[in-house]
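Scroll down for the structure; my scribbles are underneath it.
The values are calculated or read from the model by the stated rules, or taken from the named source; none is laboratory data. No experiment lies behind these values; they were computed from the predicted model shown. Virtual Cβ from ideal backbone geometry, glycine too; neighbours counted across all protein chains shown.
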Amino acid sequence: MKDQTVCVCPPEISHEGFASLATPTYRASTIAFENSAAYASRAERGDKGYVYGLHGTPTTRTLEAAISALEGAKYTMVQPSGQAAISLVFLALLKPGDTVLVPDCAYPPVSTLCNGYLAERGIAHRVYDPLIGADIASMLDDSVKLVWVESPGSATMEVQDLPAIAGAARARGIPVAIDNTWASPLHFKPLNFGADIVVEALTKYFAGHSDLLMGSVSVNDDALHAKLKSTLHMLGIGVSPDDCTLVLRGMETMAVRLKHGSAVALDFATRMAKKMDPKRVLHPALSSHPQHEMWKRDFAGASALFSIVVPADNASELNSLIDQAKTFSIGASWGGTHSLMVPMAIGEMRQFAGNAPDGLVLRLSIGMEDPEDLWADLEPIVEMVARHG
């Protein structure tokens, strides 16, 4: 070969004797075929074959297989963010004239998607009380084509009765999808409790270091998978193999990080419940939580994310104390090594009175710092809340 060709096509080398513990990062847009016949018949390779980098490389497939193993799923598809994963489910399963049921406690961008993009295209949504349970059957008319669940609920931590909701939906042939990011599949496996589709924001516990965005959708049903995969391909959505490598690396410590964070979070929540009105501490693993028994029935463990409710009159004082924190950072998301806190005016976003706390919700994500340093930031806030009710 000429020098110029060697610059593009380096000599092959032996891989014999080389065995790395790390998953290789395979980058590709073009996939090379062994001959013209293989290219002409590329469609026959199916979902497990490789035809173009947008649809996955061995790095992507390794991550999807690992997530499927944790979820107890037959198929997993990764997307560029958790919100992209949610949007994929809605766009694949809903068409003009259809309705999706969304719990009042859902992640706010879900409502934005429903009120904006979907509504403009003739797709309706109805908000339901997250504690509705089997009574959701009364809302399942012929227009409903998807039931969305988020349990525990974003910020306010309502635990939904997934088996009851899924049972009612299944009787009408309506799929149920759930955002399982709070617990991760390490602490809850929704497909075992009646869900048809599980969404995870891999940005959080899976990746674990607050430095990338990714989401996943997992299913067992072949027809559902085909519909979701087809939509994914038509929209041209793919993920970076480099980011997949980082998620795979994050997964290696996910169990340890989640065990540590959830233990410290529960310890903090327990301390708080002794110093202030326990109703102001929103943590499903506390016996004082309204759905504690349901949480204990279904979940294998808790999360490092929980909230406290601060009286509305103390918003200025709360902001001052947050700004003085030395270890907590202020910011959205959770599940990383850095602890986070963020105040949220949840009541303004809710339709059902029981899900609209009277005051600010301070959401806390516990990371990997020393618990004593974290408690030093939290203690003044706890004392303030205790003083004012």
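Among the residues of region 228-241, are any of a type outside the set (A, V, I, L, M), assigned to a helix (DSSP H, G or I), in contact (Cβ under 8 Å) with a residue 12 or more places away in the chain and closer than 30 Å to Ile366 by Cα? Checked against the condition, which is being of a type outside the set (A, V, I, L, M), assigned to a helix (DSSP H, G or I), in contact (Cβ under 8 Å) with a residue 12 or more places away in the chain and closer than 30 Å to Ile366 by Cα, region 228-241 yields at least one hit. Candidates Asp373, Asp358: the one that is over 20 Å from the mean Cα position of the chain (by Cα) and in a loop (DSSP other than H, G, I, E, B) is Asp358. Look at (1) modelled with pLDDT of 95 or more; (2) on the phi > 0 side of the Ramachandran plot; (3) more than 21 Å from the chain's Cα centre (by Cα) and you find that Phe328 fails only one, number (2).
Scanning region 207-260 for residues that are of a type in the set (Ser, Thr, Tyr) and within 19 Å of Ala332 (Cβ to Cβ) returns a single hit, Ser210. On the stretch given as region 85-125, residues that are in contact (Cβ under 8 Å) with a residue 12 or more places away in the chain and either closer than 17 Å to Ser154 by Cβ or in a strand (DSSP E or B) (or both) total 22. Residues in region 320-341 that are among the hydrophobic types (A, V, I, L, M, F, W, C) and over 21 Å from Ser154 (Cα atoms) were compared, and the one that is surrounded by the fewest Cβ atoms within 10 Å (Cβ to Cβ) is Ala325.
In region 47-57, the count of residues that are surrounded by 14 or more Cβ atoms within 10 Å (Cβ to Cβ), under 22 Å from the mean Cα position of the chain (by Cα) and either more than 25 Å from Asp222 (Cβ to Cβ) or not charged (D, E, K, R) (or both) is one or more. Inspection of region 213-231 identifies at least one residue that is surrounded by 18 or more Cβ atoms within 10 Å (Cβ to Cβ), in contact with a strand residue (DSSP E or B) (Cβ under 7 Å, 6 or more places away or on another chain), over 19 Å from Ser154 (Cβ atoms) and polar (S, T, N, Q). Taking the conditions (1) surrounded by fewer than 12 Cβ atoms within 10 Å (Cβ to Cβ); (2) over 18 Å from Val219 (Cα atoms) in turn, Asp98 satisfies each one other than (1).
If you filter region 130-156 down to residues that are under 15 Å from Ser111 (Cα atoms) and assigned to a loop (DSSP other than H, G, I, E, B), you find that the one that is farthest from the chain's Cα centre (by Cα) is Pro130.
The condition of being part of a loop (DSSP other than H, G, I, E, B), without any contact (Cβ under 8 Å) to a residue 40 or more places away in the chain, within 25 Å of Pro109 (Cα to Cα) and not assigned by TED's automatic domain parsing to the domain that holds Ser184 holds for only one of Ala332, Ala302, that being Ala332. Does Glu252 meet the test of being without any contact (Cβ under 8 Å) to a residue 40 or more places away in the chain and under 19 Å from Glu200 (Cβ atoms)? So Glu252 fits the description; yes. Select from region 49-72 the residues that are out of contact with any helix residue (DSSP H, G or I) (no Cβ under 6 Å at 6 or more places or on another chain), among the aliphatic types (A, V, I, L, M) and touching a residue at least 12 places away in the same chain (Cβ under 8 Å) and list them in ascending order. Correct list: Leu54, Ala66, Ile67. For Glu317, indicate whether it is outside any loop (DSSP other than H, G, I, E, B), of a type in the set (Asp, Glu), touching a residue at least 24 places away in the same chain (Cβ under 8 Å) and surrounded by fewer than 22 Cβ atoms within 10 Å (Cβ to Cβ). In short, yes.
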